[in-house]
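Take a look at the structure set out below.
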There are 2 protein chains.
Amino acid sequence: MEQCPKTNTTLRLPVARVPPFEGSKKVYLPSKIHPGMRIPMREVLLSAEAAHEAPVRLYDASGPYTDTVMVTDIERGLYPLRREWLLKRKADARPTQLYYARQGVVTEEMEFVAIREGLEAEFVRAEVAAGRAIIPANIHHPECEPMVIGRNFLVKINANIGNSAMRSTVAEEIEKMLWSIRWGADTVMDLSTGKNIHETREKIIRNCPTPIGTVPIYQALEKVGGKVEALSWEVYRETLIEQCEQGVDYFTVHAGVLKEFVPLAKKRMTGIVSRGGSILAKWMHFHNKENFLYTHFEEICKILAQYDVAFSLGDGLRPGSTHDANDAAQFGELKVLGELTKIAWKHDVQVMIEGPGHVPLNKIKENMDLQMTLCHEAPFYTLGPLVIDVGAGHDHLTSAIGGAMIGWLGTAMLCYVTPKEHLALPDKNDVKEGIIAHKIAALAADLAKGHPMAVRWNDAMSKARFEFRWEDQYRLSLDPELARRYREAAFPKDATSNRCCTMCGPDFCAMKITQEI
Amino acid sequence: MEQCPKTNTTLRLPVARVPPFEGSKKVYLPSKIHPGMRIPMREVLLSAEAAHEAPVRLYDASGPYTDTVMVTDIERGLYPLRREWLLKRKADARPTQLYYARQGVVTEEMEFVAIREGLEAEFVRAEVAAGRAIIPANIHHPECEPMVIGRNFLVKINANIGNSAMRSTVAEEIEKMLWSIRWGADTVMDLSTGKNIHETREKIIRNCPTPIGTVPIYQALEKVGGKVEALSWEVYRETLIEQCEQGVDYFTVHAGVLKEFVPLAKKRMTGIVSRGGSILAKWMHFHNKENFLYTHFEEICKILAQYDVAFSLGDGLRPGSTHDANDAAQFGELKVLGELTKIAWKHDVQVMIEGPGHVPLNKIKENMDLQMTLCHEAPFYTLGPLVIDVGAGHDHLTSAIGGAMIGWLGTAMLCYVTPKEHLALPDKNDVKEGIIAHKIAALAADLAKGHPMAVRWNDAMSKARFEFRWEDQYRLSLDPELARRYREAAFPKDATSNRCCTMCGPDFCAMKITQEI
């Protein structure tokens, strides 16, 4: 297993660094319209054998940690690159990206993400204005490198971290966050439900260059001692504001789990499998009242608008088995999420919609099509979907299959699933496996959609393969160290053997034979 | 890593046994029309907690090794269950399943596969007669448990084994074969290119309960000292007959790589990546003659018809990168394979068609649609397709994504790809990872197509999950031991903790909360 970057929190100025992948270095592109702004990219330098090839520039979500010149300090947090941009906007009542986009303003954030993705800033603005894309970036998270979630951009992936009542410390969570962005997570959700939720989150946000998402009802529930019936709008509201102030960039809010849907979910094979969904169902059952997130939705919008926190409208009724996919409970909730989207947009609050879950391959397209129609093209953010139920121990894979398919069809972000899904909390190796599986799914979707960055990356690899440039193949792999280790363990490094691989040996190498013709 | 069954070849009567998965046992179903024939199935017994649930019967390709009563002996080989069926047919000149199906005869093999899949024997006969399905079963492989490959049946997977000039012994290959069928390989291809090809294959065939496939040109090339230009129809013909006599069930024959296609392939980013394809391209280039497999195709058919060896018409020009997918070289060859299919059928020889390779998600459907049309619905057997090029070290996953999709669209069998693809020969753990990834892909396709056996299996798992029957979840997983290990390492076994999992802990378990409502 790979070494994790160490975060030494005993020093006064601890240095946390995630070394760049071998053969890659961090470069910065200049802004065209915002002086001084610089946009980080990963540049894969090719070997001397490929002197004629330009370096391959890739999207880079790993933050300042992979900059070998910059010094990072977990105690102090990252450099607040957005601070000055935000200062200018202080007077605005609704300083959201959606608000500015609708005003025709190209913000620094919009140009930043445009350059990252190789697109025009005006295109980004128009997508955000239409609600087809969001840039989750709380005004209190100035350390965040802006990124965009929308179906006309690279497909993003989210990694979940977070302690639970059962395990883990602040240092461990920071380490998981660093590890996640090292392997390519585009956003990180802190799903902590245990002790020290506030302190853990503070350290994570101050040190995280990607947007942070949370599910505020988890902390609200901790505040009332875990008693679902004791939850109230007041406790929830206080929690929301606390997290807005800290700098959380998007909130999962299960406002679509209405009372009328609970009987539908009770008929299912696997009931409700969303934590948030089940908490609200229990609360409604106990109080015989409508979901307080639904009844107070406009008030939530007003709070989020002040900080530019985006909604991730939660699918509390997502199916927990392929059997329950695409049922009345699920699609009933989806319709409500579409209605709530319109309300949020009225308040200039950015919105994405969460999706399933467990869905067989033949029912994936219906999910995407309905979401697009019912939710007015707001970005879709799915968990998988897992395409079978019997893959326990390998569910990162069952999820990557569904994720690739739904990503291609238009889903903007995939939430990762690790090999331990359904069984236990992931360890570091599981986090890595989960991220790589979903990076593959996302990249498969990008390539199928023809994103030029994905095409260039894949083509550079194929060319290196045909030309037997092994060093370049390692550098261009999703996991350079692993690719090198696999080959070098099997095959000694020398000039002759470089012209073939161990799979076929020197006499049976198809590419070598082709080149001889 | 799991223990592999040991094959002790130093004893006179060595016992090779692959223990059944925990909680599973081998059962046999009776024939309705062929007295004495019994069809093996895997029965998953559920725990005492599920007293009301019937055992779940699953397809079982693992052969007599998982029968705890039977004694197997690598020296002697498996019991020849088909011997008597074959004796009755001795006088027939073309004793192929296609011949019998066309005559309206339901053979033992047809009924065997029908019962395995829970279908009617007559349906199997009709599918074979139409060329939509094949039952690869050489009359000299009486040890083979018949299985069917066709799009109206369960999607099958193939595992490749085989030594190379660089590595591996007979005992290791036997071990790999046993290991492959233990994890669910439906057929095994012996791709040996090193020494002792004949002896290795003999031991494999005598001990393998699944069909065995080969690529005869590899051995032919060994016979001429690895010199491509020295290959000839005579050497190839002699090799074919040798392998037919031994009992190989299907041959990859690259008869569609025509001279006119080579210039098209030379224009590609990654040329020719099929070993067989490149050998034939080189041979044609040297001799300036048409592919001898094409010019002697009818003679090949006549040989195969005598033994009921099926064609796996090789895609020598499959794309080796997503860049080259669906190009003129690939589809030119596919059209020729369709023409050859008709010729083979004229000789009552069964045919399946090999497919790519490297194909982005958006180009997969065109492959399936064209294959169906150009090859007259003969079964499609694909390698992946891999949906991106940069997954080195994780290509079992890039392949499973494409495999799931093309399987759902109608591909009948998926050739596995292991994590070492493009880098090195797989070890045992890679073989297991490759098989499980492609079992997941195949099962995802089966479920999407609504195969009742896949639906029952997934539903049984989901029900066990909702009812917190952990023992049953392990038993119903693709990898029971791994699922148990993951959970039990994280969570002590006791009555209370059984009602939740470590992911959410006892207070946040959505399913538990749902059940309390």
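The values are calculated or read from the model by the stated rules, or taken from the named source; none is laboratory data. Since we're looking at a predicted model, the values are computed, not measured. Using ideal geometry, Cβ is built from the backbone for each residue, glycine included, and neighbour counts are taken over all protein chains shown. Only protein heavy atoms, including side chains, enter the accessible area calculation; ligands, DNA and RNA are left aside. Shrake-Rupley method; radii C 1.70, N 1.55, O 1.52, S 1.80 Å.
Data for the structure
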| item | result |
| --- | --- |
| Boolean, B:A281 is over 26 Å from B:M413 (Cα atoms) and surrounded by 24 or more Cβ atoms within 10 Å (Cβ to Cβ) | yes |
| Matching residues in segment A:217-245 - criterion: being under 28 Å from the mean Cα position of the chain (by Cα), open to solvent by less than 10 Å² (accessible area, probe 1.4 Å) and in contact (Cβ under 8 Å) with a residue 24 or more places away in the chain | A:I217, A:L221, A:Y236, A:L240, A:Q243, A:C244 |
| Matching helices (runs of 4 or more DSSP H) fully within segment B:78-124 where at least 3 residues are open to solvent by less than 60 Å² (accessible area, probe 1.4 Å) and closer than 30 Å to B:V56 by Cα | B:108-117 |
| Residue count for segment A:32-44, restricted to those that are at pLDDT 95 or above and either among the charged types (D, E, K, R) or in contact with a strand residue (DSSP E or B) (Cβ under 7 Å, 6 or more places away or on another chain) (or both) | 7 |
| Residue list for segment A:146-190, restricted to those being in a loop (DSSP other than H, G, I, E, B) and at pLDDT 95 or above | A:P146, A:M147, A:V148, A:R151, A:N152, A:F153, A:L154, A:V155, A:G184, A:A185, A:D186 |
| Flag if A:A281 is on the phi < 0 side of the Ramachandran plot, hydrophobic (A, V, I, L, M, F, W, C), without any contact (Cβ under 8 Å) to a residue 12 or more places away in the chain and within 14 Å of chain B (Cβ to nearest Cβ) | no |
| In segment B:420-440, residue surrounded by the fewest Cβ atoms within 10 Å (Cβ to Cβ) [restricted to those that are touching a Ser or Thr at 6+ places or on another chain (Cβ under 8 Å) and in a helix (DSSP H, G or I)] | B:D430 |
| Those residues of segment A:143-164 which are open to solvent by 20 Å² or more (accessible area, probe 1.4 Å) and more than 12 Å from the chain's Cα centre (by Cα), in sequence order | A:R151, A:N152 |
| Residue that is nearest to the chain's Cα centre (by Cα) [pool: residues in segment B:421-445 that are more than 8 Å from chain A (Cβ to nearest Cβ) and of a type in the set (V, I, T)] | B:I435 |
| Counted residues, segment B:148-199 - those being touching a Lys or Arg at 6+ places or on another chain (Cβ under 8 Å) and among the acidic types (D, E) | 4 |
| Whichever residue in segment B:284-293 is away from chain A (no Cβ under 12 Å) and touching a helix residue (DSSP H, G or I) at 6+ places or on another chain (Cβ under 6 Å) and, among such residues, is most open to solvent (accessible area, probe 1.4 Å) | B:E290 |
| Residue match in segment B:505-515 (condition: open to solvent by 30 Å² or more (accessible area, probe 1.4 Å), more than 9 Å from chain A (Cβ to nearest Cβ) and either modelled with pLDDT under 95 or under 29 Å from B:G384 (Cα atoms) (or both)) | no |
| Residue in segment B:297-306 that is within 12 Å of chain A (Cβ to nearest Cβ) and open to solvent by 10 Å² or more (accessible area, probe 1.4 Å) present | no |
| When residues of segment B:246-273 are limited to those that are closer than 26 Å to B:V349 by Cβ and of a type in the set (D, E, K, R), the one least open to solvent (accessible area, probe 1.4 Å) | B:D249 |
| Qualifying residues in segment B:457-480 (those that are in a helix (DSSP H, G or I) and under 11 Å from B:E53 (Cβ atoms)) - the one most open to solvent (accessible area, probe 1.4 Å) | B:K463 |
| Filtered residue count, segment B:446-456, keeping only those that are more than 7 Å from every other protein chain (Cβ to nearest Cβ), in a helix (DSSP H, G or I) and not basic (K, R) | 5 |
| Criterion violated by A:A265 - all others in (1) touching a residue at least 40 places away in the same chain (Cβ under 8 Å); (2) away from chain B (no Cβ under 14 Å) satisfied | (2) |
| Qualifying positions in segment B:166-196 - open to solvent by 10 Å² or more (accessible area, probe 1.4 Å), out of contact with any Ser or Thr (no Cβ under 9 Å at 6 or more places or on another chain) and touching a residue at least 24 places away in the same chain (Cβ under 8 Å) | B:K195 |
